[in-house]
1. Applying 1/(1 + (r/R0)^6) with R0 = 25 Å to the Cβ-Cβ distance of residue A:358 and residue B:70, what FRET efficiency is obtained, to the nearest 0.05?
2. If packing is taken as the average number of other Cβ atoms within 10 Å across a peptide's residues, how do B:251-258, A:232-239 rank, most packed first?
3. Does the protein assembly as shown come out rounded, prolate or oblate by the C-alpha gyration tensor, with a ≥ b ≥ c the root eigenvalues, rounded set by a/c under 1.5 and, if not, prolate when a/b is larger than b/c and oblate if not?
4. When the Karplus curve 6.51 cos²θ - 1.76 cosθ + 1.60 is applied with θ = phi - 60°, which whole-Hz ³J(HN,Hα) does each residue of the stretch A:143-148 get, with x for Gly and Pro?
5. Using Cα atoms only, what is the angle between the long axis of helix B:294-305 and the major principal axis of chain B, expressed in degrees (0 to 90) to the nearest 10?
6. Go ahead and set up a Gaussian network model of chain A, Cα springs under 10 Å, then flag whichever of A:332, A:152, A:377 fluctuates most.
7. Using the basic label-point model (7 angstrom from Cα toward the beta carbon), what is the residue B:451 to residue B:78 distance in nanometres?
8. What nm value, rounded to one decimal, do you get for the distance between residue B:108 and residue B:269 when each label is placed 7 Å out toward the C-beta?
Amino acid sequence: MDSAAGRSWLLVAAIALIAVTLRASGCTEPEPVPDPLEGYDLGPFLTGVADVHVDAGYAAFRDAAVSLEGELTSWLETLQDGGDDAARLESARIAWRAAFMLWQQTEVLQLGPAAAPPSVGGEAIRDEIYSWPTVNDCLVDQGLVDQRYADADFFEANLVNAYGLDAIEWLLFGTLTETFCPSQAIEPSDWDALGDDGVLLRRAEYALVAATGIVDVAAVLHTDWGIDGGVGDQLASPTEDGLWASDRAALQGVFAALFYLETSVKDRKLGRPLGLLDCTTGDTCPEDFEGPWAGSAVSAVRANLTQIRTIAAGANDAPGIVDLLAHVGGQALGDDLLAALDEAIAAADAVGDADPATVLADSPQDLLAIHDAIKRATDLLKGEVAIVLALTVPAESAGDND
Amino acid sequence: MSRSLLLLIPLLVACPTVDPVPGDDDAPSTYTYTFESRFDGEDSVAYSGQTFRHVLIHDLKSWIGGLTPRLDEGWFPAEGDVVAELNFFLEFDGDTSGGLEHGITTTLGVDQVTYGDIASGKDLLGKLAGNDPVGQHATWATDFVGWDDPLVTTPESLVRLWTYQIEDQAIAWSTGGYPLDPTGAPVPAVYVTAEGHDLNQLMQKFLLGAIAYSQGTDDYLDDDLADGGLNSDHEAARDGANNTALEHAWDEGFGYFGATRDYGLHTDDEIADMGAFDADGSGSIDLLSEYAFGHSVNAAKRDRGSVEATDWTAQAWTGFVEGRAILAASNGPLTDEEMAALQLRRDDAVEAWEAALGATVIHYINEVIVDGEAIGTDGYSFADHAKHWSEMKGFALGLQFNPRSKLAPDRFAQLHELIGMAPALAGDDVAAYNADLITARDMLGDRLDLDPANLGDDHGLGGW
């Protein structure tokens, strides 16, 4: 039996099971759809997600945030001392890229406190660290002029677009001594009065405050996730009074989180700049790329994809989504899923470190190749994978915005 | 193959759901709001202008809802920018904007993509209570009650006030000037004020009352004019149409209620949760007949949420359908008996419409009571509190626009004195305010003949 044929028969069986169940309910109170993974021990899979993908990711990011804070401290001190600030700035940029890429890996599994409500246990902590696409470079410059960042209640009195990795990106990679704010946002004379050196100094001060905030939040996130009985433990070992009442509920939570690949990566990070949806300013929307100042849009997508692939394939001896599929006879479906993800990663590799806006202008098909491969993967996730494993596709991903 | 298999799922699992009028054995004589024209034999139902205004109200709410992320992502509006964009909907110009896409989407897609695909020559403010010069039972320049602000003398002045408030907050928001909630944190969205007004909810709910409910009950379904509403001509076809002025007036009343043409075939859950039904199996939704708007959806929600069963969806549906059937069956001006029968159907429909609206006010009174009691606990949400209060206030303002209201003007004024101008927040006398809300709830229930079992307890629980 070839791959396609195997998948089709599997799908027929899954649909028939659902139909028989609903018919058997007499069209009154629908009975729960039978669990195709009944008897399968989901513990190793859930533990793998909690430990390998999330806990380790939060720990690595926390450490990277501390490094970023250190580099920004050095940059600020060098500016204050009149030393070689260009070298320190470059070091800070490297540290930002390292932290940013680690965060992109954790981004794809927004579970528990990192996620936004109404996600289970969601506290929107993710936005405190990285609020893209809610970013506002001009608001940051306003805060620079009036030194809002120095207020004791800066993080409480301002919104997430005033701080986080996105704000630091603008401060480190943006126009540095210039601002593009309209006059209703910043009086040009107020900006000019600071002088180039004054602006740079405040950028460094601002970035350091923002980084310190990230370090604090990253530590809380990791602690909340990992301590005994914390969110990670609850995911790995669900209990009725925990965030996830059962292994199946936890699996559903992980599955729903994977649709970051659909809504954020495919549609927002690629589809919108490519002009495939919600692009209102022209045929394409390069201004909607993620990380425009650092030119990091494609590398971020690649980081997202590699993490999704490890969740799909399993890592460090933990089973992955493909193992769950194999248990119900869906080996071929799992292979197809991995193949689509590999194709997307290869397409991202082909673009490499090239400036995304330039690629969009000169060879948009290279970006489209990433998008289309991801679409193949997400079509499988919300179609056959969801049916075969009897999982629910999140409402915002149920349709196809293309 | 996989796609075709997926398409089979609904067929495999579909259950028969034919309940002509949910909860009512006395089904109307026809199951859809479709009536043959005596002039050409085609369907004579037409209310595209009402659908158009429902779409504008929907899109206005979406626009306001999207304002916060626009500002957060770097829009710095100058004075007049925000008001101008709000006026796009309020003063809609079909000549310049009819070709633009509206904002209603469904999973099946919609038949009408642009505003112009739905209707032409319509706006919102022109039909706001007080602005439509004929047929209104009160002089809204002097009789408008419920919003205690010296700048507000008419329904339009209230709408204009809110547009300027939204603009003022938007300009301040863009430069980091956020209103603060009682804890000192920025309010959750630019359309929420520090005092607990959700201007988006207030605007939308008020427009549903001051346009849809007002026009429906006080214009098209009223009979106080010699040649308007139910006294419209029923002899000749309107110019270029296959229905009479009276048939069209009745349809327009139905259109403002917002039901689909097959409303009576669906359960309360289906109407409340789905609201769009591909009745003709075309594969997409016709907004002119297959999409439920505003009041008709709220009626289903209240029926569903009643402790002691109500069936206002059925009552309204039966009234509208049977009344229209009387018109379709007559071949000329109505006899006195036919007019009396028509007025009875009108009274049934309007009574159900008012009851559902009143029950919706009570639903939000209960939500506000619960919010007030949650102040200081982990479960408290200022955003929810502002939203619920504004839904309550916005819907409650609409009750005055029905000439057949069971709520007399003095009681209406009392209702708004009790509801007040803002929720009681942390630091206020919440217990006293909640007691006022319970008084308002009981008075409203009594006047509208609502079953006490549905009103809720002293904590806002156990009822709507």
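1. Plugging the Cβ-Cβ distance into 1/(1 + (r/R0)^6) gives 0.35.
2. Final packing ranking: B:251-258, A:232-239.
3. Here the protein assembly as shown falls in the prolate category.
4. x, 5, 5, 8, 6, 4
5. 80 degrees
6. Sorting by GNM fluctuation, first place goes to A:152.
7. It works out to 6.0 nm between the two label points.
8. Output for this residue pair reads 1.9 nm.
Here, each number is a calculation from the coordinates, and none is a lab measurement. Since this is a predicted model, take the numbers as computed values, not measurements. Counting neighbours? That spans all protein chains shown, and the Cβs are built from the backbone with ideal geometry, glycine included.
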